[in-house]
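The values are calculated or read from the model by the stated rules, or taken from the named source; none is laboratory data. Because the structure is a prediction, the values reported are computed rather than measured. Note that we place each Cβ from the backbone using ideal geometry, even for glycine, and neighbour counts take in every protein chain shown.
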């Protein structure tokens, strides 16, 4: 569940996982905790952070602080991503596929956390390889960093691209919703 960490900036935070480790010492076991947190403004900006401490609340606070420092802005096409990308980190690979409006975010918990904090509402995902949540979150961030907006690509190539497949998909669904609303009896 997301919680606001900065009301003025609209920055929300969600904890992906809390991990416990134990060191055996003379008196028994000494536990320490680490946490993985994703923060975002649900408007194209997202960051992930990792923090360690001897108790859970300080570990989460450290992770939130780290995630806020790592926040970056990524391009979006309406409520979805601009094109298909594949992010990699370690043995984890995550494929992010834009979806038409109304599809929702089809993803596991770690991938969903990043996409929802970014503000993506329609996206299909598939993960390959390791399902370690730390590596999956970093793989999604890697995939998002590969995203380019249509204007960026046009400027780099020096050509006019016309309408993209994602733009057509969004326009078709929007038109279909508009006509069904007109036909619906009041």
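Is it the case that residue 120 is surrounded by 14 or more Cβ atoms within 10 Å (Cβ to Cβ), more than 25 Å from residue 49 (Cβ to Cβ) and in contact (Cβ under 8 Å) with a residue 40 or more places away in the chain?
no
Considering (1) surrounded by 13 or more Cβ atoms within 10 Å (Cβ to Cβ); (2) modelled with pLDDT of 90 or more, say which one residue 145 fails and leave the rest.
Unmet condition: (1).
Those residues that are under 22 Å from residue 34 (Cβ atoms) and either in the same structural domain as residue 44 (by TED's automatic domain parsing) or in a strand (DSSP E or B) (or both), I need them from the range 94-128; list them, please.
Across the range 94-128, the qualifying residues are 94, 127.
Please work out if residue 42 is outside the structural domain of residue 166 (by TED's automatic domain parsing), in contact with a helix residue (DSSP H, G or I) (Cβ under 9 Å, 6 or more places away or on another chain), within 30 Å of residue 176 (Cα to Cα) and touching a residue at least 12 places away in the same chain (Cβ under 8 Å).
So residue 42 passes the test.
Would you call residue 75 in a loop (DSSP other than H, G, I, E, B) and surrounded by fewer than 18 Cβ atoms within 10 Å (Cβ to Cβ)?
yes
Where residues in the range 105-114 are under 20 Å from residue 83 (Cβ atoms) and touching a helix residue (DSSP H, G or I) at 6+ places or on another chain (Cβ under 7 Å), which of them is surrounded by the most Cβ atoms within 10 Å (Cβ to Cβ)?
Top of the filtered list is 114.
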